[in-house]
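J.: Got a structure for you, written out below as structure tokens; questions coming shortly.
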Amino acid sequence: MAEHGFGIIGCGMIAEFHTRAINEIDGARVVAAWSRNPANGEKIAGMAGGNCTIYDDLDRMLAHPGLDVVCVCTPSGAHMEPAVSAARAGKHVVVEKPLEITLPRCDAIIEACESAGVRLCTIFPSRFSDANVRLKEAIASGRFGRLTLGDTHVKWWRTQQYYDSGGWRGTWDLDGGGALMNQAIHNVDLLYWLMGDVLAVTAMTATLAHQRIEVEDTAVAALRFQNGALGTIEAATSAFPGLLQRTEIHGDRGSARVEQDDITLWEFQEKVPHDNDVFAAMAGRSNFKAGASDPRGITHAGHRDQLQDFLQAIDENRAPLVDGREGRKSVEIIRAIYRSAQTGTTVTLPLEE
């Protein structure tokens, strides 16, 4: 793999996960970082192991020698401006989820990268976990028969202090939404990836366990997929003490359930010899709640695997596994859910904004 110099834009908590992931990739290193908070920038520089220059001017950072990839780690509703600037400077762009908080802002990033001829990916590390990859392969090979139901559940807990600790948290302008847009978006992306495009949604949202936030901490949605299957999404930061996230896929010839990174159900009408091996290898591994009650309680392994794929995509001149248009899908579904909840109507996709 060619050598790649990374720049980190925004040095808050999620930037630490990007830095740890980059440190574990051969031929990759963090060479520059931009931050409004000098202390946060110095922390990222220290994690990068030295030779990382901290900037408070984005244009100067983007001109740093040897920089060819940037990771946008600013608050969700502030992804577009630095991503577009990076693309126009000729840098490949990684954007932490969500790609942006509205479809026009997502489209501006996608168009800027396409115009500049640079690669773009949206961070969705759950697609890279062994259990979810096995699930995707089983669907693609037809083992479920006709897909009938797809459900995902993210019943997490966040304290009031979590929302109070950052001025952007829990706001429409910068968070773009609540439990759906910030936490459950990983599972919304997974459900789309596994089940296919969504045709229509009917939803309700509420704020039940927190004060001083504009957005939902509890949401439920019923979905109809384009293939005819039905499904549900449950998302919450109001469910003490926080449970493992769960995704269930059903068809007329099989069912499977993934809880966090464990396969806890793997049953098919037509069994194959390695089914028992899959279940044995993929069960009993999640002995932690992985973000269910603590936003830091996640691993950076998925970030590492996704960034590795992105660098290979650059070197091989191909699209990454999760490009900008894939990243846009979950934002579209969530925006449709919000519109349904606000209007009390069923909303069809594609969504016009």
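J.: Filter the range 181-199 down to the residues that are of a type in the set (A, V, I, L, M, F, W, C) and either touching an Asp or Glu at 6+ places or on another chain (Cβ under 7 Å) or surrounded by fewer than 21 Cβ atoms within 10 Å (Cβ to Cβ) (or both), then identify the one that is nearest to residue 136 (Cα to Cα).
T.: Only one residue tops the list, namely 193.
J.: Then there is this: Against the conditions (1) over 21 Å from residue 118 (Cβ atoms); (2) in contact with a strand residue (DSSP E or B) (Cβ under 9 Å, 6 or more places away or on another chain), where does residue 102 fall short? Just the number, please.
T.: Here residue 102 meets the rest and fails (2).
J.: Can you tell me which condition residue 220 does not meet? The list is (1) surrounded by fewer than 20 Cβ atoms within 10 Å (Cβ to Cβ); (2) in contact (Cβ under 8 Å) with a residue 24 or more places away in the chain, and all the others hold.
T.: It fails just one condition, (2).
Residue-by-condition table, conditions (1) surrounded by 21 or more Cβ atoms within 10 Å (Cβ to Cβ); (2) more than 21 Å from the chain's Cα centre (by Cα); (3) assigned by TED's automatic domain parsing to the domain that holds residue 340:
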residue: 143; (1), (2), (3): no, yes, yes
residue: 150; (1), (2), (3): yes, no, yes
residue: 157; (1), (2), (3): no, no, yes
residue: 167; (1), (2), (3): no, yes, yes
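J.: Now for a different question. Restricting attention to the range 19-34, does a residue exist that is more than 22 Å from residue 310 (Cα to Cα) and surrounded by fewer than 22 Cβ atoms within 10 Å (Cβ to Cβ)?
T.: No, that holds for no residue.
J.: Additional query: Checking the condition modelled with pLDDT of 95 or more, closer than 27 Å to residue 181 by Cα, of a type in the set (D, E, K, R) and out of contact with any Gly (no Cβ under 7 Å at 6 or more places or on another chain), which residue from 105, 36 passes?
T.: 105
J.: Of the residues 142, 170, 166, which single one is out of contact with any Leu (no Cβ under 7 Å at 6 or more places or on another chain), within 30 Å of residue 69 (Cβ to Cβ) and not in a helix (DSSP H, G or I)?
T.: Within the list 142, 170, 166, the selection yields 166.
J.: Next question, about the same structure. Do we find that residue 134 is in the same structural domain as residue 279 (by TED's automatic domain parsing), out of contact with any Ser or Thr (no Cβ under 9 Å at 6 or more places or on another chain) and either hydrophobic (A, V, I, L, M, F, W, C) or surrounded by 15 or more Cβ atoms within 10 Å (Cβ to Cβ) (or both) in this structure?
T.: In short, yes.
J.: Restricting to the range 70-83, name every residue that is surrounded by fewer than 24 Cβ atoms within 10 Å (Cβ to Cβ), free of Cβ contacts under 8 Å to residues at least 40 places away in the same chain and over 17 Å from residue 60 (Cβ atoms).
T.: Across the range 70-83, the qualifying residue is only 80.
J.: Being touching a Gly at 6+ places or on another chain (Cβ under 9 Å) and within 20 Å of residue 104 (Cβ to Cβ) is the filter here, so list the residues in the range 298-336 that pass it.
T.: If the condition is that a residue be touching a Gly at 6+ places or on another chain (Cβ under 9 Å) and within 20 Å of residue 104 (Cβ to Cβ), then 331, 334, 335 are the ones that fit.
J.: Of all the residues that make up the range 238-264, how many are more than 14 Å from residue 150 (Cα to Cα), in a strand (DSSP E or B), in contact with a Lys or Arg (Cβ under 6 Å, 6 or more places away or on another chain) and not charged (D, E, K, R)?
T.: 1
The values are calculated or read from the model by the stated rules, or taken from the named source; none is laboratory data. Because the structure is predicted, anything quoted here is derived from the model rather than measured. Neighbour counts are summed over all protein chains in view; Cβ atoms, including those assigned to glycine, are modelled from backbone coordinates with ideal geometry.
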